[in-house]
Amino acid sequence: MAQGPPPFHVLVEVEPDGKVGSVSPPDPPFGARPSSGSGDHRQPQHGLFDRMCGSGVARQPEGGEVALAEPSPAEPGDRPTRPLEQRSGERPVDHANEILSRRPALWHMASMREPHDWSIDRALQLYNIANWGAGYFSINPKGHLTVHPCGQPGPVIDLMDVVDDIRERKLGFPCVVRFQDVLRSRVKQLNETFRNAIAQHGYKGQYFGVYPTKVNQMREVVEEILDAGAPYHFGLEAGSKGELLIVLALNSDPEALTICNGYKDEEYLRLALLGRKLGRKVLVVIEKLSELPHLLRLSEEMNVQPLIGLRSKLSTKGTGKWESSSGDFAKFGLTTPELIQAVRMLHDRGAEGLARLFHFHVGSQLTDIHTVKEVVNEGARIYAKLRKMGLGLEYFDVGGGLGVDYVGARSTEYVSSLNYTVDEYAADVVYTVQQICASENVPEPHIVSESGRALTAHHSCILMNVFGHIEFGENGAVVEGHAGQEEKAPVPEAPETAVVREMREIVAGLTSKNSGETYHDAVAKKEQALTMFKLGILGLEERAQIEGLFWRLCRKLVEINKRRKRIPGQTRDLEDKLADQYMANFSVFQSAPDHWAIDQLFPIAPLHRLNEPPTRDSTIVDITCDSDGKIDTFIEYETVDETIELHPLREGEPYYLGMFLTGAYQDIMGDMHNLFGRVHEVHVFVDDEDPEDYYIEEVIPGDTMERVLVRVQYEPSDLAKRVKQALDARVREGAVKPKESVSLTDFYEQAMRGYTYLASD
């Protein structure tokens, strides 16, 4: 009898740093770009690819490798095996090398399917902390989440120590924590990365970064960035008059750039020219053609020479949620005919030398490095042509877009992830501009970028306490015994209605082999009971019994499915549907508005108990009276799931969660839904001499109820007066005692001065 082919094995090499090796084909715009010396593109050294398709004898795993064997035959009730999930527009994967070229999560997660004892390493992998944390977050032996503000290795801050500090100061939760040293680290990393790329390629220009204040205008953030960026002459960008007022006051370095973006009226232009009077390098970027003659007229009137930037609408579009920021129908910038007209206007006035900067922007959070290469390629060509037309351009501004890998997947599959590193981004920008300038025979300009998200996202997180949970279908669905063991639901003494008895028999007859059929029978019986109730045939108590039995069956099915290698399609999503709802003391609309508005993913993880296995599949709901006030999309391993695994709540013991990478946009865009105001804020700095390796440098109290009421046009004293008058009337009626009236009035006024969120302790 002929034997079948040998078993197919995939050998996965686990690197010493815990990451799975990946291989990416080179895709330079002009031939092979020299390696930047960093990144994740490690080449195999053991001939792995030569042995993947059955040629030769399969090699056994070596060192840190894990062998993934072919799956075992399907169990009864399982659906047929499907091919690997395809991305949009891709052909099916039919070659072993292609399997290894898929994003690491696909085959790395396969190694996690076998049961293992819980460990801190498992916790790191489950919440994918090492990947989205960018070296700033980890877990200590106590099972507490830690912060490495200067990167690893370096000083370590236990977040539960910070929680204890917040409690001792009686601030309460939720609370924003800013790690200012992380902010400084990000500024240094960006500047050093561009400097290294410039040195490696022998580029003749310099790098001048600017921080776009719209990303986070908080004074503490802007001042910290300027201080950390001082050795690099790091500048600021303003997109409005309000932001320009800040920038003119703070950006005092005469070598640093001030970039003025956004639509501009006369007052905006006068403010920019005031900056030139102060001796600053203020560059006014022309967003629409009509701004140029106004700027030239006002500069003559104020007797000051302006520095002009021209923003182009590139035809190449970005990727992700903000791809419409570029292209022919973009909101800002000049079309190609308008660029030519702007050049003519400058020529006519003999002002070609005033045009110092060429600018473009293709959107925030660029997910694909190929897009970066394409847009820089197009932009560099336009720069070269404008330079040949006589403009005195010195700066090449690639705008923002340097992304943050919120998921930690290093993949374009998710708009909250990306497939490149900061090193790769800088190297490709420098190399592409250099190649274009060489081919066009024009000088290499200074490179400017307006990276804001990449600088600020990691430095801020929000800590919140969980104050309870909702167990779906819990009433009548699960009855717990004294030792936590499930008991049988009591059988009523009176004869049961037939439909209740039949549902009880369906539940009692459940086995792993008939689970699919039993589930269908139970769904049909539940629907029958609902119809009978609507017709008045079935009572409310009987309906409650039916529903309780149905949810009991569903929970039993979830337990059966957990022991299966493949889950039948009809019950595959039951676990997510039955997930607990953990009630967290915060507002999505205030602290993470992008999650609600644009489905932005933010990493969430417990702050403690990470040395214990999390056993509760959960979603998170906030304290607003809005059905959208919830989080039901989470990062798990290197993928996205509808639930997050959390720990069971313990009576009388607080449970804390952290939402991370919230430093970009969230602070300034939060709203006051349900009048939940700004949260408390603490600023943390590293201190090696402190026993806890840190100190809290500043505390900014969150909003009181008085403050938020004033913002919506209520006068707290007037409200208190009205309540007192109402209580006085009740005293006259004899319904309330005078002493009680005074106490209630004091309580009302005290509540006005309190925090807008729930009391934490």
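By its C-alpha gyration tensor, with a ≥ b ≥ c as the square roots of the eigenvalues, how is segment 624-709 shaped: rounded for a/c under 1.5, else prolate for a/b larger than b/c, else oblate? In terms of gyration-tensor shape, oblate. Per residue, the accessible area of segment 253-318 comes to 38 Å², computed with a 1.4 Å probe over protein heavy atoms only. Per-residue SASA remark: ASP728, around 50 Å² accessible (1.4 Å probe; ligands, DNA and RNA not included). Please pull out the direction-averaged projected area of segment 518-578, using the convex hull of its alpha-carbon atoms, in nm² to one decimal place. Over all viewing directions, segment 518-578 projects a mean Cα-hull area of 4.2 nm². Seen through its C-alpha gyration tensor, with square-root eigenvalues sorted a ≥ b ≥ c, segment 205-298 comes out prolate because a/c lies at 1.5 or above while a/b is bigger than b/c. With a Förster radius of 30 Å applied to the C-beta separation of ILE700 and GLU267, the computed FRET efficiency comes to 0.45.
When the surface is traced with a 1.4 Å probe over the full set of protein chains, GLU527 keeps roughly 110 Å² accessible.
Among ARG184, ARG732, ARG297, the sequence by solvent-accessible area, most first, with a 1.4 Å probe is ARG732, ARG297, ARG184.
In segment 156-312, the C-alpha radius of gyration followed by the widest Cα-Cα span (Dmax) gives 19.2, 60 angstrom.
Segment VAL523..GLU642, full-extension length gain: 40.5 nm, with 0.36 nm per residue of separation and the alpha-carbon distance subtracted. Once all protein chains are placed together, MET705 keeps about 70 Å² accessible to a 1.4 angstrom probe. Over the C-alpha trace of segment 655-695, radius of gyration and Dmax come out as 14.5, 43 angstrom. Over the Cα atoms of segment 286-439, the radius of gyration divided by the Kirkwood radius equals 1.03; this is the Rg/Rh ratio. Model label points for LEU744 and SER290, set 7 angstrom from Cα along the Cα-to-Cβ axis, are 6.0 nm apart. Hull volume per residue, based on the alpha-carbon atoms of segment 352-417 and their convex hull, is 70 Å³. Modelled this way, with points 7 Å down the Cα-to-C-beta line, the labels at ASN303 and ALA438 are 4.9 nm from one another. Placing a label point 7 Å from the Cα of ALA735 along the Cα-to-Cβ direction, the residues of segment 691-726 whose backbone N falls under 20 Å from that point are 719-726. Solvent-accessible surface of protein heavy atoms, probed at 1.4 angstrom with all chains present, puts MET503, MET389 in the order MET389, MET503, largest first. The trypsin sites (Lys or Arg not before Pro) of segment 569-640 that meet both conditions, a loop assignment by DSSP and at most 16 other Cβ atoms within 10 Å of the site Cβ, are ARG572. Look at the dipole of segment 522-570 built from charges on Cβ: of GLY539, PRO568, LEU549, the Cα furthest out on the positive end belongs to PRO568. Convex hull of alpha carbon positions in segment 140-239: directionally averaged projected area 9.0 nm². Once the Cβ-Cβ distance of LYS577 and THR335 is raised to the sixth power relative to R0 = 60 Å, the FRET efficiency obtained is 0.75. Taking all protein chains together, GLU715, GLU496 sort by accessible area into GLU715, GLU496, largest first [probe 1.4 Å]. Cross-link list LYS204/LYS241; LYS577/LYS630; LYS277/LYS388; LYS313/LYS388; LYS513/LYS562; LYS142/LYS556: which exceed 24 angstrom alpha carbon to alpha carbon? Flagged as over cut-off: LYS204/LYS241; LYS277/LYS388; LYS142/LYS556.
Of the accessible area of segment 712-761, computed with a 1.4 Å probe over protein heavy atoms only, carbon and sulfur atoms account for 54 percent. For segment 643-761, rounded, prolate or oblate, judged on the Cα gyration tensor with a ≥ b ≥ c (square roots of eigenvalues), a/c < 1.5 rounded, else prolate if a/b > b/c? Taking the square roots of the gyration eigenvalues as a ≥ b ≥ c, segment 643-761 is prolate.
The values are calculated or read from the model by the stated rules, or taken from the named source; none is laboratory data. Here the structure is a predicted model, which is why all the values come from computation and not from measurement. All Cβ positions, glycine included, derive from the backbone under ideal geometry; neighbour counts span all protein chains shown. Just the protein is used for accessible areas: all its heavy atoms, side chains included, with ligands, DNA and RNA removed. Shrake-Rupley method; radii C 1.70, N 1.55, O 1.52, S 1.80 Å.
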